[in-house]
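What follows is one structure encoded as structure tokens, with my remarks underneath.
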Amino acid sequence: MIVMKFGGTSVADAARIRAAAEIVRGRLPRQPVVVVSALAGVTDLLAAAIACAKEGEREGLEPLLADLGRRHRWAVSGCVEDASRRHDLGLEVDALFEDLRQLLRSVRVLGEGTPRSSDALLAFGEILSSRIVAAAFSDRGLPARLVDARELVITDASFGHAEPSPDEIGDRGRRLLTPAIEAGEVPIVGGFFGATLDGRTTTLGRGGSDTSAAVIGAALSAEEIEIWTDVDGVMTADPRRVPAARRCKSVSFAEAAELAYYGAKVLHPASIAPAVRCLIPVRVLNTLRPDGEGTVILDAVAADAPPLASVASRGGVTAFRVASKTLRVDPGFLPRVLAAVDDEALVPDLVVSSEVAVTLVLPARVAESTLAARLRAFADVEVRDSRGIVCVVGHGLAREGAVRGGVLKALSAWDPEMVALGGSATSVAALVPEARLDACVRALHREFFEAAA
């Protein structure tokens, strides 16, 4: 048995849904369970609608609802040919939109929304898409069986970032999914959301649909989990910066985590942790090129894997150098700095510290915070904005001194403002002016990936 997760771009419209059906058809001998995200852009539209409702902005809300309705009705009309099935699905979609309107109206009248109500509203994206995909698959002759994620993915009550319950999911998976699989059916499950034991809708946070696929795969001891998206897999660099970037055949979970943290957007590593803990391979594939091999993410490094995996990069960061005003060793200095950062709900990308100073690399939105003023109350602060991070990732950095030395030498040519070895020892990150970021990434890629090709 395998789990196939289709992201938003892979079910963006009727054409993509039909293509997904044919990909699943080719996997029928492997007994697939299909997990689907909301149609591309729908979760953002729902979030905007929730914000309008909280502010009581009816004028802003109506265009958003109209856009949401139009997208889903186009999908229905374009991917379901049977008139009777299309009519029934249209009625179901209309009923769900009426429920959505009623919930948003309640939030607008009250003038506020809770994390619980936000989860109930955000889940509509996957509730709608799973029904459309199930109907479209059936229309194309696939034995699809819709399974409501609220009956399967049981979580705690941490609304917005709920934690799945592996034992409950395992029990329900064996009851709801296993009989369907054994009967030759293809279960269709909406990703990203679930419910508490008492039936309250929850969402799983960032990478939620990947999390759904991973916990279902782990619960049923899947052979493999496939993540279908719009890229060929994990790349040796961001193709927008490096046109010569190529696909990695495999990466370890540790490497994937570092790449995601420093800019790769293929998946969020925490979301696939349940699969990795169960030693289930996770393969990233491209729906636009379904015959490709993609990238497989493994618990440990593959025997034939090269020492370096990729050059990740991210612009738009700001560096804070915070120095003690007394220049004396103060055990409480670093905790005070980190507490101020935490109070602003900021997460540093890099931290390099000494006894009397610390340099923090923070997201650009730090400019909107009061962090600098708070820090200047007890320290000298130098702020450098318009910076970028370049990060070379690979298991060879931990195992081979020559590899690590070569990367450090290559980075030194770009006069980095700071360099840090990652906590997992599989990455070396450097801070450079953003104006030089693209050139730096391209040069590193040429030296470590193109020269070896």
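The values are calculated or read from the model by the stated rules, or taken from the named source; none is laboratory data. Quick caveat: nothing in here was measured; it's all calculated off a predicted structure. Note that each Cβ is placed from the backbone with ideal geometry, even for glycine, and that neighbours are counted across all protein chains shown. Remember, those area values only see protein heavy atoms, side chains included, never the ligands or the DNA or RNA. Shrake-Rupley method; radii C 1.70, N 1.55, O 1.52, S 1.80 Å.
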| task | Could you tell me which numbered condition Gly173 fails, if it satisfies all but one of (1) open to solvent by less than 10 Å² (accessible area, probe 1.4 Å); (2) under 19 Å from the mean Cα position of the chain (by Cα)? | result | (2)
| Which members of region 350-381 meet the condition of being open to solvent by 40 Å² or more (accessible area, probe 1.4 Å), closer than 26 Å to Gly315 by Cβ and of a type in the set (A, V, I, L, M)? | Val351, Val352, Ala364, Ala367, Ala373
| query | Within region 213-238, can you find the residues that are among the β-branched types (Val, Ile, Thr) and more than 18 Å from the chain's Cα centre (by Cα)? | reply | Thr236
| query | What number of residues within region 316-339 are in a helix (DSSP H, G or I) and in contact with a strand residue (DSSP E or B) (Cβ under 9 Å, 6 or more places away or on another chain)? | reply | 5
| said: Return the residues of region 386-404 that are closer than 14 Å to Ala430 by Cα and without any contact (Cβ under 8 Å) to a residue 40 or more places away in the chain; say none if nothing qualifies. | reply: Arg404
| Residue check, Ile23 closer than 23 Å to Ser271 by Cβ, open to solvent by 10 Å² or more (accessible area, probe 1.4 Å) and hydrophobic (A, V, I, L, M, F, W, C) | yes
| Can we say Val296 is modelled with pLDDT of 85 or more and in contact with a helix residue (DSSP H, G or I) (Cβ under 9 Å, 6 or more places away or on another chain)? | no
| task | Mind listing whichever residues of region 207-231 are of a type in the set (D, E, K, R) and crowded, with 24+ Cβ neighbours inside 10 Å? | result | Asp210, Glu226
| query | From the residues in region 284-297 that are under 21 Å from the mean Cα position of the chain (by Cα) and open to solvent by less than 50 Å² (accessible area, probe 1.4 Å), which one is nearest to Arg25 (Cα to Cα)? | reply | Thr287
| Hey, any hits in region 183-194 for a residue that's touching a Lys or Arg at 6+ places or on another chain (Cβ under 6 Å), among the charged types (D, E, K, R), open to solvent by 40 Å² or more (accessible area, probe 1.4 Å) and over 10 Å from Ser271 (Cβ atoms)? | yes
| request: Would you point out which residue out of Glu98, Glu112 is part of a helix (DSSP H, G or I), surrounded by fewer than 17 Cβ atoms within 10 Å (Cβ to Cβ) and more than 21 Å from the chain's Cα centre (by Cα)? | output: Glu98
| remark: Reported set for region 239-259 where residues are aliphatic (A, V, I, L, M) and within 20 Å of Leu279 (Cβ to Cβ) is Val251, Ala254, Ala256, Ala257
| task | Give me the pairs, please: first residue somewhere in region 282-308 and under 13 Å from Arg247 (Cβ atoms) and in a loop (DSSP other than H, G, I, E, B), second residue anywhere and at pLDDT 85 or above and of a type in the set (Asp, Glu), beta-carbon distance under 6 Å, and either six or more positions apart or on two chains. | result | Gly292/Asp232
| query | Within region 1-52, which residues are touching a strand residue (DSSP E or B) at 6+ places or on another chain (Cβ under 9 Å), polar (S, T, N, Q) and at negative phi? | reply | Thr9, Ser10, Ser37
| request: Sort out which residues of region 321-334 are over 17 Å from Val383 (Cα atoms) and surrounded by 11 or more Cβ atoms within 10 Å (Cβ to Cβ), and write them in order of number. | output: Thr326, Leu327, Asp330, Phe333, Leu334
| said: Tell me whether region 60-72 contains one or more residues that are in contact with a helix residue (DSSP H, G or I) (Cβ under 6 Å, 6 or more places away or on another chain), in a helix (DSSP H, G or I), touching a residue at least 60 places away in the same chain (Cβ under 8 Å) and open to solvent by less than 30 Å² (accessible area, probe 1.4 Å). | reply: yes
| query | Taking only pairs six or more apart or across chains, which ones have beta-carbon atoms under 8 Å, a first residue in region 229-254 that is in a loop (DSSP other than H, G, I, E, B), and a second residue that is among the hydroxyl-bearing types (Ser, Thr, Tyr) and open to solvent by 50 Å² or more (accessible area, probe 1.4 Å)? | reply | Asp230/Thr9
| message | Can you say whether Ser130 is among the small types (Gly, Ala, Ser), crowded, with 24+ Cβ neighbours inside 10 Å, assigned to a helix (DSSP H, G or I) and at pLDDT 95 or above, as far as the supplied structure shows? | response | yes
| remark: Contact list, first residue from region 31-45 and touching a residue at least 24 places away in the same chain (Cβ under 8 Å), second anywhere and charged (D, E, K, R) and part of a strand (DSSP E or B), beta-carbon distance below 6 Å, six or more apart or interchain, is Val35/Lys5
| field | In region 232-260, the residues that are touching a Pro at 6+ places or on another chain (Cβ under 8 Å) and either open to solvent by 20 Å² or more (accessible area, probe 1.4 Å) or over 17 Å from Gly422 (Cα atoms) (or both) | value | Ala245, Phe253, Ala257
| said: Which condition from (1) surrounded by 15 or more Cβ atoms within 10 Å (Cβ to Cβ); (2) without any contact (Cβ under 8 Å) to a residue 24 or more places away in the chain is the one that Ala345 breaks? | reply: (1)
| task | Output the residues belonging to region 431-452 that are in contact with a Gly (Cβ under 9 Å, 6 or more places away or on another chain) and not aromatic (Phe, Trp, Tyr). | result | Leu431, Val432, Pro433, Glu434, Ala435, Arg436, Leu437, Asp438, Cys440, Val441, Glu447
